[in-house]
Amino acid sequence: MINGKKVAVIMPAYNAGKTLEKTYNEIPMDVVDDVILTDDRSSDDTVEVAKRLGIQHIVQHEQNRGYGGNQKSCYNKALEIGADIIIMVHPDYQYTPQLITPMVSLIANDVYPVVIASRILGKGALKGGMPRYKWIANRFLTLFQNVMMGQKLSEYHTGYRAYSRKVLEEIPYNENSEDFVFDNQFLAQILYKGNEVAEITCPTKYFEEASSINFKRSSVYGLGVMKVSMQYFFSKLGMKAKIFKKL
């Protein structure tokens, strides 16, 4: 716990058997109370590794739901067990768990309700092996979103994020996409609600075992991001899109 607040790490997993142990071993258990792993119908030994490591909360999907669906299960479980601070760490070791303590500390001390780890602050992205086309797409989409949404974030596409319980409870995330654009919808809803978002610089690693979507899926994601941005813009003008109607 930090300041009497229960901290849960959520790990949305899909074929993470080769990297899960390394990721788990770097989690600072002096501040983390619970670890939740949701397996999205992996074809490898992800669940067996999780059980061997002693991860207490393991949710197994009977069928593959997608990245967004996987996160929904994680957040629902975190709320169910009474977590006050929820931080998502990908089990593919692309992001270092060593940033968990400073990220959750900002929430525990009521500085910010949401903290994201940015690969763009500093030189972490390209230095860590991010493909240049992804870096360029990241920069373009982030600029587009900042303009359309009136924000100043360095990136919207990191998968390393920490939330207060209150934020999860006030956002209807279960109604969002089950695909990769879920992350972007969720962050847009958080900003639409008026929450401030802190950013902390984060090194990242791209290697064979790290999960990454291909060019085609990336293109679909990019179009989805632009759609979310325009929905946000027009919703602020009074023409509310579905994802913002309950906010």
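For the range 142-218, report the % of Cα-Cα distances exceeding 14 Å.
Every Cα pair in the range 142-218 considered, those over 14 Å come to 68 percent.
Only helical DSSP H runs with n ≥ 4 go in: add -39500 (n - 2.57) per run for the chain, normalise by residue count and round the 222 nm mean residue ellipticity to 500 deg cm²/dmol.
Helix contribution divided over all residues of the chain: -12000 deg cm²/dmol.
Report, in cubic angstrom per residue, the convex hull volume of the C-alpha atoms of the chain.
With only Cα atoms used, the chain gives 116 Å³ per residue.
Quick one: among Ile81, Ile116, Ile36, which has the greatest mean-square fluctuation in a GNM of the chain with alpha-carbon springs under 10 angstrom?
Ile81
Multiplying the sequence separation of Met29 and Ser219 by 0.36 nm and subtracting their Cα-Cα distance, what value in nm do you get?
64.6 nm
Expressed as a fraction of 2.2 N^0.38 Å, the rule-of-thumb size for a compact globular protein of N residues, what is the C-alpha radius of gyration of the range 109-247?
For the range 109-247, the normalised Cα radius of gyration is 1.04.
If one computes P(r) from the Cα atoms of the range 27-71, what percent of pairs lie at distances over 15 Å?
Taking all Cα-Cα pairs of the range 27-71, the fraction more than 15 Å apart is 47 percent.
Taking N as the number of residues in the range 1-125, what is its Cα Rg relative to 2.2 N^0.38 Å?
In units of the 2.2 N^0.38 Å rule of thumb, it is 1.03.
Over the Cα atoms of the range 1-54, each weighted equally, I'd like the Debye log10 I(q)/I(0) at q = 0.19, 0.23 Å⁻¹, rounded to two decimals.
Ignoring solvent entirely, the Cα scatterers give -0.64, -0.85.
Keeping the other protein chains in place, figure out the carbon and sulfur percent of the accessible area of the chain, with a 1.4 Å probe.
Reported share for carbon and sulfur atoms: 53 percent.
Report the gain in length on full extension from Gln98 to Asn64: 0.36 nm times residue separation, minus Cα-Cα distance, nm rounded to one decimal.
9.3 nm
Suppose we keep just the DSSP beta bridges with both residues in the range 1-89; what percent of those would be antiparallel, to 5?
Taking every DSSP beta bridge within the range 1-89, about 5 percent pair in antiparallel fashion.
For Lys205, list the lysines whose Cα falls under 24 Å from its own Cα; do not include residues on the same chain fewer than 8 positions away.
List returned: Lys18, Lys22, Lys123, Lys127, Lys134, Lys216.
Largest first and in whole Å, give the semi-axes of the range 108-181's equivalent ellipsoid, each being the square root of 5 times a Cα gyration tensor eigenvalue.
24, 16, 13
How compact is the range 72-121 by the rule of thumb for globular proteins, expressed as Cα Rg over 2.2 N^0.38 Å?
Dividing the Cα Rg of the range 72-121 by 2.2 N^0.38 Å gives 1.22.
Using DSSP, restrict attention to beta bridges with both residues in the chain and report what percent are antiparallel, rounded to the nearest 5.
Within the chain, antiparallel bridges account for around 30 percent of the total.
If I stretch the segment between Leu121 and Glu21 completely, what's the gain in nm (0.36 nm per residue apart, minus their alpha carbon distance), one decimal?
33.2 nm
Counting only DSSP beta bridges with both residues in the range 87-199, tell me the antiparallel percent, nearest 5.
If I count the DSSP bridges inside the range 87-199, around 60 percent turn out antiparallel.
Counting only chymotrypsin sites (Phe, Trp or Tyr not before Pro) that are in a DSSP loop and have at most 16 other C-beta atoms within 10 Å, tell me the longest site-free stretch of the chain.
Between the exposed loop sites, the longest stretch runs 1-205.
Taking 20 °C and 1.002 mPa s as the conditions, I'd like the Stokes-Einstein D for the range 67-157 in µm²/s, using the Kirkwood hydrodynamic radius from alpha carbon pairs.
For the chosen part, D equals 141 µm²/s.
Scan the range 48-104 for GluC sites (Glu not before Pro) in coil per DSSP, keeping those whose Cβ has at most 15 other Cβ atoms within 10 Å, and list them by number.
Those satisfying the criteria are Glu62.
Among the helices of the chain (complete DSSP H runs), which have Cα atoms covering no less than 27 Å along the helix axis and a Kyte-Doolittle mean of at least -1.0?
Qualifying helices: 215-236.
The values are calculated or read from the model by the stated rules, or taken from the named source; none is laboratory data. Owing to the predicted nature of the structure, the values given are computational and were not obtained by experimental measurement. Heads up, the Cβs are rebuilt from the backbone with ideal geometry, glycines too, and the neighbour counts pull from every protein chain shown. With ligands, DNA and RNA removed, areas are computed over all heavy atoms of the protein, side chains included. Shrake-Rupley method; radii C 1.70, N 1.55, O 1.52, S 1.80 Å.
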